[in-house]
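I have placed the structure first, in the form of structure tokens, so that the comments after it can refer back to it.
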Amino acid sequence: MHHLPPVEHLPAPLARRIALAAQGLADERPVTAAGTRQLRALVERLAVVQIDSVNVLSRSHYLPAFSRLGAYPRELLDRLHAPRHDVFEYWAHEASYLPVRLHPHLRWRMAAAEQHAWGSMLRVQRERPQYVAELLDRVCETGPLRASDLGEQRPSTPGQMWNWHPGKAALEYLFFVGALTARSRTAGFERVYDLTERVLPAAVVATPTPPRADAVRELVRTAARALGVATETDLRDYFRLPVADARTAVAELAEAGELLPVEVAGWSRPGWLDPAARRPRRARARALLSPFDSLVWERPRIERLFGFRYRLEIYTPAAQRVHGYYVLPFLLGDELVARVDLKADRAAGVLRVQAAHVEEHHPAPALVADELAAELRLMAGWLSLDRVEVQPRGDLAPELARAV
């Protein structure tokens, strides 16, 4: 039996830099504009790029590449999905783009839709299986289909996030079980569904489905690479894996020497280190992060790594919001130093800073404001907006207005 190596003790700042490096956020951005090759490498490194429909600033999936690579052409990311199919859409952390190599490793989830799907998706399959089968036949025979092609009305249940008509629910069920996948997205970001075998590369479709335990192990291995240093919960959360499966996979990877046990100063739980993780001496990043960025989506991890308490306030009534509606943490060096509520006013050509807050006890708000102003100008240019305007809300707003 393989014995685990002695537990290494990691200082908190080193753990932070390891995590940043694993996420592609430890270095300054490349000087030249990123192309397809860099984007493909980034998606492979992150493995999960979360998709979200909120478009107040930019659709969320475009932001992680901007944070890491700078002002790249967004259509290059679209092309990775369609027509290239280097990435595919599926439920991972949430709805996400993933490298196609992971498709076989998620088939166990497709096969176990009864346990993993939810809501109207399952309901329509239970109550109207014939209708679901007919929709699949229709796509088989007549080709790609959008939910809006079905001409059904959305049910009027206000405040429901998954407010799907039966046709959309049926298409989403077929998407969940892997019979259909997203061939592309329309200009309005609507999914275009088609048969998976007509969309994904033939080599991926032909790859045998691995046993569930092997697949989960590969997902945990992938998460470990993307996180650098992590607790078991962090590793599990990356692909939202079932507890028992993830625990077994972590134990097996540790046994094989593919995860190393560590104790991180200030963490109350054991950590696991990717043996190949980079350990930079310092981090030089400057980046605004989408609320759905894989560095910040797991709130307890962010608190543990950065001492940064972060809550998404999109669903909080306006009057009760502390920091704003669409708030992006600002990373400088190896610290999260501020947060800004941003909105792209496309009609006026303005990137609006609705509120700006510096982290408590930060010794140099003027420096933070200067760096943030430069980052906001870069973002405005990338989004084809002419200028940045700062509203007088939040303790960093006066300094930021001056710097902008």
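Determine which single condition residue 39 fails, assuming it passes every other condition in (1) at pLDDT below 95; (2) buried (at least 16 other Cβ atoms within 10 Å of the Cβ); (3) in a helix (DSSP H, G or I).
(1)
Which of the helices (runs of 4 or more DSSP H) found entirely inside region 57-158 contain at least 2 residues meeting this: more than 24 Å from residue 240 (Cα to Cα) and within 21 Å of the chain's Cα centre (by Cα)? Show your work before the answer.
Numbers: elements: 63-69, 74-81, 107-111, 113-116, 119-127, 129-142.
Filter on region 57-158 gives 63-69, 74-81.
If you check residue 233 against the conditions, is it over 16 Å from the mean Cα position of the chain (by Cα), within 25 Å of residue 263 (Cβ to Cβ) and of a type outside the set (D, E, K, R)? Walk me through how you get there before you give the answer.
Working: over 16 Å from the mean Cα position of the chain (by Cα): yes; within 25 Å of residue 263 (Cβ to Cβ): yes; of a type outside the set (D, E, K, R): yes.
It is true that residue 233 is over 16 Å from the mean Cα position of the chain (by Cα), within 25 Å of residue 263 (Cβ to Cβ) and of a type outside the set (D, E, K, R).
Pick from region 360-403 the residues that are in contact with a Leu (Cβ under 7 Å, 6 or more places away or on another chain) and in a loop (DSSP other than H, G, I, E, B): which of them is surrounded by the fewest Cβ atoms within 10 Å (Cβ to Cβ)?
Filtering region 360-403 for residues that are in contact with a Leu (Cβ under 7 Å, 6 or more places away or on another chain) and in a loop (DSSP other than H, G, I, E, B), the one surrounded by the fewest Cβ atoms within 10 Å (Cβ to Cβ) comes out as 383.
Identify, please: which residue in region 305-333 is touching a residue at least 60 places away in the same chain (Cβ under 8 Å) and within 20 Å of the chain's Cα centre (by Cα) and is, among those, most open to solvent (accessible area, probe 1.4 Å)?
325
Quick check on this structure: which one of 69, 98 is more than 30 Å from residue 374 (Cα to Cα) and buried (at least 17 other Cβ atoms within 10 Å of the Cβ)?
Working: 69 fails: more than 30 Å from residue 374 (Cα to Cα).
From the options 69, 98, the qualifying one is 98.
I want to confirm something. Restricting to region 246-261 and keeping residues that are buried (at least 16 other Cβ atoms within 10 Å of the Cβ) and in contact with a strand residue (DSSP E or B) (Cβ under 9 Å, 6 or more places away or on another chain), which single residue is nearest to residue 93 (Cα to Cα)?
250
Residues in region 22-31: is at least one at pLDDT below 95, among the polar types (S, T, N, Q) and either in contact with a strand residue (DSSP E or B) (Cβ under 8 Å, 6 or more places away or on another chain) or open to solvent by less than 70 Å² (accessible area, probe 1.4 Å) (or both)?
No, there is no match, as no residue in region 22-31 is at pLDDT below 95, among the polar types (S, T, N, Q) and either in contact with a strand residue (DSSP E or B) (Cβ under 8 Å, 6 or more places away or on another chain) or open to solvent by less than 70 Å² (accessible area, probe 1.4 Å) (or both).
Is it the case, given these coordinates, that residue 214 is over 27 Å from the mean Cα position of the chain (by Cα) and over 30 Å from residue 14 (Cβ atoms)?
Numbers: over 27 Å from the mean Cα position of the chain (by Cα): no; over 30 Å from residue 14 (Cβ atoms): yes.
No, not satisfied.
What is the number of the single condition among (1) without any contact (Cβ under 8 Å) to a residue 60 or more places away in the chain; (2) open to solvent by less than 30 Å² (accessible area, probe 1.4 Å); (3) among the acidic types (Asp, Glu) that residue 345 does not meet?
Answer for residue 345: the failing condition is (2).
Read through the list (1) open to solvent by 10 Å² or more (accessible area, probe 1.4 Å); (2) out of contact with any helix residue (DSSP H, G or I) (no Cβ under 7 Å at 6 or more places or on another chain); (3) not small (Gly, Ala, Ser); (4) not in a helix (DSSP H, G or I), then give the number of the only condition that residue 295 fails.
(1)
Taking the condition crowded, with 19+ Cβ neighbours inside 10 Å, in contact with a Ser or Thr (Cβ under 7 Å, 6 or more places away or on another chain) and touching a residue at least 12 places away in the same chain (Cβ under 8 Å), does residue 228 pass?
Working: crowded, with 19+ Cβ neighbours inside 10 Å: yes; in contact with a Ser or Thr (Cβ under 7 Å, 6 or more places away or on another chain): no; touching a residue at least 12 places away in the same chain (Cβ under 8 Å): yes.
So residue 228 does not fit the description; no.
List the pairs whose first member sits in region 47-64 and is within 10 Å of residue 292 (Cα to Cα) and open to solvent by 10 Å² or more (accessible area, probe 1.4 Å), whose second member is assigned to a helix (DSSP H, G or I) and among the small types (Gly, Ala, Ser), and whose Cβ atoms are under 7 Å apart, counting only residues at least 6 apart or on separate chains?
So the pair list comes out as 50/60; 51/60; 52/60.
Counting only residues that are within 19 Å of residue 392 (Cα to Cα), of a type outside the set (Ser, Thr, Tyr) and part of a loop (DSSP other than H, G, I, E, B), how many does region 312-347 have?
Matching residues across region 312-347 total 4.
Give region 103-157 a look and list any residue that's open to solvent by 40 Å² or more (accessible area, probe 1.4 Å), modelled with pLDDT under 95 and of a type in the set (A, V, I, L, M, F, W, C), or say none.
Hit for region 103-157 is 118, nothing else.
Conditions (1) crowded, with 18+ Cβ neighbours inside 10 Å; (2) touching a residue at least 24 places away in the same chain (Cβ under 8 Å); (3) assigned to a helix (DSSP H, G or I), marked per residue:
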site	(1), (2), (3)
164	yes, yes, no
171	yes, yes, yes
188	no, no, no
193	yes, yes, no
210	no, yes, no
220	yes, yes, yes
244	no, no, yes
263	no, yes, no
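The values are calculated or read from the model by the stated rules, or taken from the named source; none is laboratory data. Predicted, not measured: the structure shown is a model, and the values here were computed from it. Every residue, glycine as well, gets a Cβ built from its backbone with ideal geometry; the counts of neighbours run over all protein chains shown. Accessible surface areas use protein heavy atoms only, side chains included; no ligands, DNA or RNA. Shrake-Rupley method; radii C 1.70, N 1.55, O 1.52, S 1.80 Å.
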